[in-house]
Amino acid sequence: MKNILILEDDDKLRAHLHKALVSEGYLVTQIASISELSYLINNGQGFDLLILDRLIGQEDSKKFIPNLKQKWPSSPILILSAISTSVERTDLLDMGVDDYVGKPFSISEVVARVRALLRRITGPAPVHIVIRNTVVDIVNRHVIVDSRPLVLAAKEFLLLKTMAQTLGRIYNKSELLDTVWSSSPDVETNVVEVTITNLRKRLATHGSEISIKNSRNLGYWIEN
């Protein structure tokens, strides 16, 4: 699962971007200040893509582009800016920025730009994922076990798809809540455990050899 960083000081806009990207299946880290960006450059984990608002208060994120390219050279940078001139776009592209969206913009456009940028570095996502005797059809949202269709509830399929796309990767409860339920406030606290239990039962009853593992201190994953 791709990990995206958003730097945006408009709380409402940042929340909309976060919700839209999480619903696409991305992990999203949100920050709202240049000081947080500086901390991540010096101490942060890796990110697959960076979304930066150009002006954060009185500070300019543009000056950090060289440091970001040095820290994460293969991670595309998408700039959001109210300064929408050809000179501005040219300067940013010459500095190593990969794409630019002028404000105001639609959230769907930003999400589409993110997908396009990630395709450049990863290629198209697989349509089918084969795990032992089970095929997970990402596009049509079908599961086939030994040539027999297995019907799953919507959230069960999203859980399966999330873990199947990154075999062996461990997801903690918070990450699954973000990805599958978009951290909805009305979700029961044990919804992950209940859905995982139901998914395991459906897979086992249908004869699937997919094995969903878990550790109380770590999270959930599908064995490779």
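The values are calculated or read from the model by the stated rules, or taken from the named source; none is laboratory data. Not measured: the values here are computed from a predicted model. Note that we place each Cβ from the backbone using ideal geometry, even for glycine, and neighbour counts take in every protein chain shown.
Observations
- Count of region 146-165 residues, restricted to those that are surrounded by fewer than 19 Cβ atoms within 10 Å (Cβ to Cβ) and in contact with a Gly (Cβ under 7 Å, 6 or more places away or on another chain), is 1.
- Residue in region 113-127 that is surrounded by 13 or more Cβ atoms within 10 Å (Cβ to Cβ), β-branched (Val, Ile, Thr), more than 30 Å from HIS206 (Cα to Cα) and at pLDDT 90 or above present: yes
- From the options ILE4, ILE65, residue that is surrounded by 19 or more Cβ atoms within 10 Å (Cβ to Cβ) and touching a helix residue (DSSP H, G or I) at 6+ places or on another chain (Cβ under 9 Å): ILE4
- Only one of VAL145, VAL111 that is within 30 Å of VAL192 (Cβ to Cβ), assigned by TED's automatic domain parsing to the domain that holds LYS19 and touching a residue at least 40 places away in the same chain (Cβ under 8 Å): VAL111
- Meets criteria (at pLDDT below 85 and either surrounded by fewer than 18 Cβ atoms within 10 Å (Cβ to Cβ) or of a type in the set (Lys, Arg) (or both)) for ASP178: no
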